[in-house]
Every structure is written in C-alpha cells, then in structure tokens.
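The values are calculated or read from the model by the stated rules, or taken from the named source; none is laboratory data. Everything numeric here is computed off the predicted structure, so don't read it as measured data. Glycine gets a Cβ as well: all are built from the backbone with ideal geometry, and neighbour counts include every protein chain shown. Ligands, DNA and RNA are stripped out before the accessible areas are found, and what is left, the full protein with its side chains, is counted by its heavy atoms. Shrake-Rupley method; radii C 1.70, N 1.55, O 1.52, S 1.80 Å.
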Amino acid sequence: SLDNVAMNRSILLLTLAIAASAAAQEDEGEERDPFAGAASFGYLATSGNTDTQNVNVGFSLLWQPALWSHEFNVSAISAENDGETTAEARFANYVARREFGEKSYLFASADWESDEFSAFDHQISETVGYGRHVIATERHALDVEIGAGARQAELRSGLDQDESIARAALDYAWQVSETAQFTQSLIIESGSSNTSTESVSELRADIFGNVALVLSYRVRNNSDVPDGIKNSDRYTAISLEYGF
C-alpha cells in the first residue's frame, strides 16, 4: 500500500542519515586524506546539412573514512539537432558502504533521475542491501550487490507510481594498461509496476597529469511505458575529465 511505501521510504532515508553520522563519529580526530573526486565536461558541435550540438557535464566525489565509503555522483546531458532539443537528462546518485570482513559490505543508496524525453518526469529510489567483492586483483575488480527498498516516480501524465522494489547491481573494472581503464556498471530495480535497468560503459585514457579522455555509453530502460514512448534511452558522450 501507499502507507507501507511511505514508511519504507522514511526508514531508508533515516538509515542513510544514521550511516553518514556513524561514519563521521567513527573517524573523528583521525588524520587522513580520504577524499577523491573528478569533474568532466564534453562538447561536440557539427555543421553542414544539419547543425547539432551535444553537451555533457559530470561531477563525482568519494570519501573513504576507514571502513566506510561515501560516493556522490551528478551528471547532465543535453543535445540539439537543428535548434530542436533531442535529449535533456539529469542524474544524481549517493551510495554509502560499510566494509566487514575481506569481501563483504553493506550499502545504502539513493538515486534520482529526470529525463525530459522518457515516460517519467522523474524517478527517485532508496535501497539498502548486501554487497560482495567477487574479484579483487591488480587488474580486475568485480562487485555484486543485492537489496530492497522503495521507488517514487511521476509519469508524464501526472500520475504517481510509488512501490517497493528489489535491486541487483554489479560493478566491473579492468585496468587495461597503466594509462587506460574500462568500467561497466549495471543496476536493475524491479517493482510490481515497472522494472528499470541502467547500464553504463566507460573507457578512460590518461592524457597528461590528472586529465583523462573518457568515452561513455549509458542505456536506460523501463519495462512499462505509455504508448508512443520508447522503452530505452541511449546516451553517448565524449568528455575530458580532471581528477583530484
């Protein structure tokens, strides 16, 4: 019911707040430099028979105090073709993880998405669950996660779609060489009304110093959409990234 979904949402948000507070208290007074981040920007314009321009921006921040990690990501994509907007999407994600043992961890995540050309005005989800480091070598890393939570969505028609969801995810990283890395992530969130899937593939190559060239391909899919709207949205981006 809607009351149960609202209760689940409140519990999950409270869990996120407690996790962040516990992490801060655990590491108070310890000297370390646990921060890392990156900012990216990409722009591509063509002219001739058709005039197009594509812009993508992104920012990520990672905070790793002791056994905890807190990751925050935001990104936006915009595209125009002959003066007409063909893509306009924004994404935000927060994940807290708490390691225990050598291979296991608990996680809590919150995701937000707004896409002007999808079936949904916006989607928000909060999940908690268990993760495991399946592979952790010098060149390869693979994490898998499973969890549950709640999702709140608003359709373009104005109808609300609130439901409990199950979540499964994987993150794979391959250090191709000293200067190149490939990453692949996959997130599936399934409820009674809709199953959303997001796949992000990235190839990163260091250019000089902290600057890298990044080629990314993102696919978003919703299983249940109104007539006349495609199930999948695809975004290709080329950008320069500065890491710090």
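Place +1 on the Cβ of every Lys and Arg and -1 on the Cβ of every Asp and Glu in the stretch 182-244, take the dipole about the Cα centre, and give the residue among V200, A237, N222 whose Cα lies farthest towards its positive end.
Ranked along the dipole, the leading option is A237.
Applying a 10 Å radius around every beta-carbon, put 190-196, 201-207 in order of their mean neighbour count, most first. Before the final figure, lay out the partial values.
On the way: 190-196: 17.1, 201-207: 15.6.
Ranked from most to least packed, the peptides come out as 190-196, 201-207.
What FRET efficiency comes out for L203 versus V74 if R0 is 22 angstrom and r is the Cβ-Cβ distance? Round to the nearest 0.05. Provide the component values of the computation, followed by the final result.
On the way: r = 21 Å, r/R0 = 0.96.
FRET efficiency, L203 to V74: 0.55.
The stretch 39-134: which chymotrypsin sites (Phe, Trp or Tyr not before Pro) are DSSP loop and have at most 15 other beta-carbon atoms within 10 angstrom?
Working: sites: F41, Y43, F59, W63, W68, F72, F91, Y94, F100, Y105, F107, W112, F117, F120, Y130; in loops: F117.
Sparse-neighbourhood loop chymotrypsin sites (Phe, Trp or Tyr not before Pro): F117.
With only Lys, Arg, Asp and Glu charged, each at its Cβ (+1 for the first two, -1 for the last two), find how big the charge dipole of the stretch 105-185 is about the Cα centre; round to the nearest 20 debye.
Working: 5 positive and 15 negative charges, 80 e Å.
Roughly 380 debye, rounded to the nearest 20.
Taking the Cβ of A87 as the centre, find all other residues whose Cβ is under 10 Å away and add up their charges (Lys, Arg: +1; Asp, Glu: -1).
So the surrounding residues net to -4.
Select from the stretch 89-161 those GluC sites (Glu not before Pro) which occupy a DSSP coil region and have at most 11 other Cβ atoms within 10 Å, ordered by residue number. Please list the in-between numbers first.
Values: sites: E99, E102, E113, E116, E126, E138, E145, E154; in loops: E102, E116, E138.
The qualifying sites are E102, E138.
Within the stretch 173-243, what whole-number % of the accessible surface is contributed by carbon and sulfur, with the 1.4 Å probe and all protein chains included in the calculation?
Taking all protein chains in place, the stretch 173-243 shows 55 percent carbon and sulfur surface.
Quick one: putting +1 on the C-beta of Lys and Arg, -1 on the C-beta of Asp and Glu, what dipole do you get for the stretch 164-234 around its Cα centre, in Debye to the nearest 20?
On the way: 6 positive and 9 negative charges, 17 e Å.
Once rounded to the nearest 20, the dipole reads 80 debye.
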